[in-house]
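Here is the structure we will look at, set down as structure tokens.
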């Protein structure tokens, strides 16, 4: 949909997803790396566990649909070439520490004088200004500072983080939104601007009802492990249940939908000839999670626990779909690759890595558009893979490139 | 206002719960007129969710709903009433975007499927955002964040070795993922429509969006056959890397060290310079081998300080560290406050109440706080008379018919 737009993507892992979303929407995204390759190529895991910069699966994951060039931004020739590139671009995305690009002399005001209407998007751990702006961070640090970590884990154990980095993805996705808002404004008025994304802020977007709980009741929501909290009463309810070969997630919820699921689950248990025990006596139509007691929840839980334990996760998922019970398996990666609904919707697409002679499954598209297919089309770039084609577009000759290479600029 | 990016853009939203709210807010905060359609008989589920003002439930008293819905208009329209469909279509005819996140089939049952919407407004952009997408065998399975987390495999990444997989701290974690993909696409679709005159249907599956948050693990499995393991807070390329106990009840601080330089600084901060060259800790591999010992000695130090003190001391030495903030800390967080993360707005039933505010900073067109979350049906009259152009007489008639409840 955004064909004809160009983005220069200077980000490390903090910002990959922003450019990836823009690239999928049709923007020509060019990753600009230092001549030795971006340090984020050191992030594992690696293809066949070979720890080489062009085999980082983390790099592959979020840089597909982008082309790649190398350029040393710390020397004057590099800066001049960068400005040439900026004059062909609509967006510049970066994730350097606050102040770094200004120090190089390629901050927002310079870029906007090079190319009127340019949109610069900066992704940093805490934002470009404010008391924490110079704080160093990693995923777990941001998750802690954003309130997610405190809530995750078991009540009597330390908070535990989601072990696959998430804060950078919340920030990267938010950055795509902020960049698009700025783009829409530019298309209307011609005016560009500087978009300032904070990983902490983007990650704190969703803390459910914990902030109003603090403001209105003065209570602090705590970790609850496999249980569910945040209900009206103090009762806690399991959401993680064992089954024969893994886990299923299920919880009684309030409202109409919750009542329906309770009723259908009871019928399901009975249809399989198992004892639904206390469930038989529940008046689901009038069941109210708002004032249920712990005792009732415990009594409801017993037959459910036995029922889940006697089935495999696949049986439970298939039964849940058939009977419209809101229970789901905990999917392994293999389960995801085999999943019926993801397959039916064609989520997986094979992308070639010709230099390795392989093709690999990637998610095909994050949205199905009736107008334009927004597909993952090609793999992430190798180091400097598109130097020749992109630099020739801005008028650098083959000889120029040889000289620049010798000087360590590209 | 001068800076309203989406000035003149009208969004008719059947979006509800978290996904609905988080999608609408990006557009509403930058000037779109977002009209949320709900009814007394089927209010947004968040309106019935705690906490409530003074502990008393009521459509307009939910802190959960009112935290998330600043800048949104609410129109009461009982969609099952015989007069409702015509009004809804008239509204769609004036709109740019229709969004919904019901289980697929619901909009069709209302007579508001994509084909019908297109008849009302040929270049309409329609966003559907259900749990499993609007096609495929699970399309009609009611989806909740909790079950979608499990389907996407997120709990496989949360927990202690030999423990159980745990859900993310907010059960509806997936709810905050798809809205960003959705809004970025919606804006591109608006721009595309402005340039080509073509509307479109956008179908997002919350499950598929969440899969985008674990792609490296999928590639690891395909490449190396590894399913994710529960590893607690340890990280394969950083030691120490974790959460350390601090002074106080359930108080913690994160600390991460990615190289020798940071290790040296950490040893100085904790007053153990002898650890710098200690053969147990002097290299990354040695630190990795002796991770539990390292964690023990760091904990002995951190327990003497509150989280902010640990954070400040580490950060001044160039070591990444952060307080593990609870809701009260977030509420008071100076950085988030500086960035207008919260908006305090005077709500008719809540009084002055903290709403979720800005998500990011746009230098020329900052988000605008214009109004508190809407009471149910608060803007029904405004929408009918100002947007639909319904006469006062006709409006009174409609009121009496019961369709506007």
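The values are calculated or read from the model by the stated rules, or taken from the named source; none is laboratory data. Source: prediction; values computed, not measured. Virtual Cβ from ideal backbone geometry, glycine too; neighbours counted across all protein chains shown.
Some observations on this one:
- Being surrounded by fewer than 20 Cβ atoms within 10 Å (Cβ to Cβ), in contact with a strand residue (DSSP E or B) (Cβ under 8 Å, 6 or more places away or on another chain) and at the interface with chain B (Cβ under 7 Å from one of its Cβ atoms) is a description that applies to residue A:370.
- When restricted to residues that are crowded, with 19+ Cβ neighbours inside 10 Å and either more than 14 Å from every other protein chain (Cβ to nearest Cβ) or within 21 Å of residue A:410 (Cα to Cα) (or both), region A:34-54 contains 5.
- If only residues of region B:144-165 that are in a loop (DSSP other than H, G, I, E, B) and either touching a strand residue (DSSP E or B) at 6+ places or on another chain (Cβ under 7 Å) or more than 7 Å from every other protein chain (Cβ to nearest Cβ) (or both) are counted, the one that is farthest from residue A:177 (Cα to Cα) is B:162.
- Taken together, the criteria place residue B:66 among residues that are at the interface with chain A (Cβ under 9 Å from one of its Cβ atoms), under 16 Å from the mean Cα position of the chain (by Cα) and touching a residue at least 12 places away in the same chain (Cβ under 8 Å).
- Wholly enclosed helices (runs of 4 or more DSSP H) of region A:81-152 bearing at least 2 residues at pLDDT 95 or above, within 30 Å of residue A:387 (Cα to Cα) and within 11 Å of chain B (Cβ to nearest Cβ): A:108-114
- Some residue of region B:315-331 being in contact with a strand residue (DSSP E or B) (Cβ under 9 Å, 6 or more places away or on another chain), touching a residue at least 40 places away in the same chain (Cβ under 8 Å) and surrounded by fewer than 23 Cβ atoms within 10 Å (Cβ to Cβ): no
- Hey, residue A:282 without any contact (Cβ under 8 Å) to a residue 60 or more places away in the chain and either out of contact with any strand residue (DSSP E or B) (no Cβ under 6 Å at 6 or more places or on another chain) or within 22 Å of residue A:316 (Cα to Cα) (or both) or not: yes
- On inspection, residue A:185 does not qualify as buried (at least 21 other Cβ atoms within 10 Å of the Cβ), more than 7 Å from chain B (Cβ to nearest Cβ), at pLDDT 95 or above and in a helix (DSSP H, G or I).
- Boolean, residue A:283 is surrounded by fewer than 18 Cβ atoms within 10 Å (Cβ to Cβ), assigned by TED's automatic domain parsing to the domain that holds residue A:244, farther than 28 Å from residue B:154 by Cα and at pLDDT below 95: yes
- Single residue of region A:329-348 satisfying the filter (more than 19 Å from the chain's Cα centre (by Cα) and under 15 Å from residue B:218 (Cβ atoms)) that is farthest from the other protein chains (Cβ to nearest Cβ): A:338
- Among the residues of region A:163-182, those that are in contact with a strand residue (DSSP E or B) (Cβ under 9 Å, 6 or more places away or on another chain) and facing chain B (nearest Cβ under 7 Å) comprise A:163, A:174, A:176, A:178, A:181, A:182.
- Looking only at residues in region A:1-29 that are buried (at least 23 other Cβ atoms within 10 Å of the Cβ) and more than 14 Å from chain B (Cβ to nearest Cβ), the one that is farthest from the chain's Cα centre (by Cα) is A:8.
- Residue within region B:355-374 that is touching a strand residue (DSSP E or B) at 6+ places or on another chain (Cβ under 7 Å), buried (at least 20 other Cβ atoms within 10 Å of the Cβ) and away from chain A (no Cβ under 14 Å) present: yes
- Looking only at region A:309-357, residues that are assigned to a helix (DSSP H, G or I) and crowded, with 20+ Cβ neighbours inside 10 Å come to 8 in all.
- Selection status of residue A:251, within 26 Å of residue B:165 (Cα to Cα), surrounded by 20 or more Cβ atoms within 10 Å (Cβ to Cβ) and within 14 Å of chain B (Cβ to nearest Cβ): yes
- Of note, residue A:115 satisfies the criterion of being surrounded by fewer than 22 Cβ atoms within 10 Å (Cβ to Cβ) and over 27 Å from the mean Cα position of the chain (by Cα).
- For region A:360-388, the set of residues classified as without any contact (Cβ under 8 Å) to a residue 24 or more places away in the chain and over 23 Å from the mean Cα position of the chain (by Cα) consists of A:370, A:388, listed by residue number.
- Among (1) buried (at least 21 other Cβ atoms within 10 Å of the Cβ); (2) within 9 Å of chain A (Cβ to nearest Cβ), the one test that residue B:7 misses: (1)
- Single condition residue B:78 does not satisfy, out of (1) surrounded by 21 or more Cβ atoms within 10 Å (Cβ to Cβ); (2) in contact (Cβ under 8 Å) with a residue 60 or more places away in the chain; (3) in a loop (DSSP other than H, G, I, E, B): (1)
Here's the yes/no breakdown for (1) touching a helix residue (DSSP H, G or I) at 6+ places or on another chain (Cβ under 8 Å); (2) outside the structural domain of residue B:385 (by TED's automatic domain parsing); (3) at pLDDT below 95:
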site: B:17; (1), (2), (3): yes, no, yes
site: B:39; (1), (2), (3): no, no, no
site: B:45; (1), (2), (3): yes, no, yes
site: B:57; (1), (2), (3): yes, no, yes
site: B:65; (1), (2), (3): yes, no, no
site: B:69; (1), (2), (3): yes, no, no
site: B:73; (1), (2), (3): yes, no, no
site: B:76; (1), (2), (3): yes, no, no
site: B:89; (1), (2), (3): yes, no, no
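- Identification of helices (runs of 4 or more DSSP H) wholly contained in region B:305-345 with 1 or more residues that are more than 24 Å from residue A:211 (Cα to Cα) and more than 9 Å from every other protein chain (Cβ to nearest Cβ) yields B:307-316.
- Listed conditions (1) more than 30 Å from residue A:202 (Cβ to Cβ); (2) more than 14 Å from every other protein chain (Cβ to nearest Cβ); (3) surrounded by fewer than 20 Cβ atoms within 10 Å (Cβ to Cβ) are all met by residue B:292, apart from (2).
- Every residue from region A:191-232 that is facing chain B (nearest Cβ under 7 Å), in contact with a strand residue (DSSP E or B) (Cβ under 7 Å, 6 or more places away or on another chain), at pLDDT 95 or above and not in a helix (DSSP H, G or I): A:193, A:194, A:195, A:196, A:197, A:198
- Only residues that are more than 8 Å from chain B (Cβ to nearest Cβ) and within 24 Å of residue B:204 (Cβ to Cβ) were counted across region A:297-324, and they come to 1.
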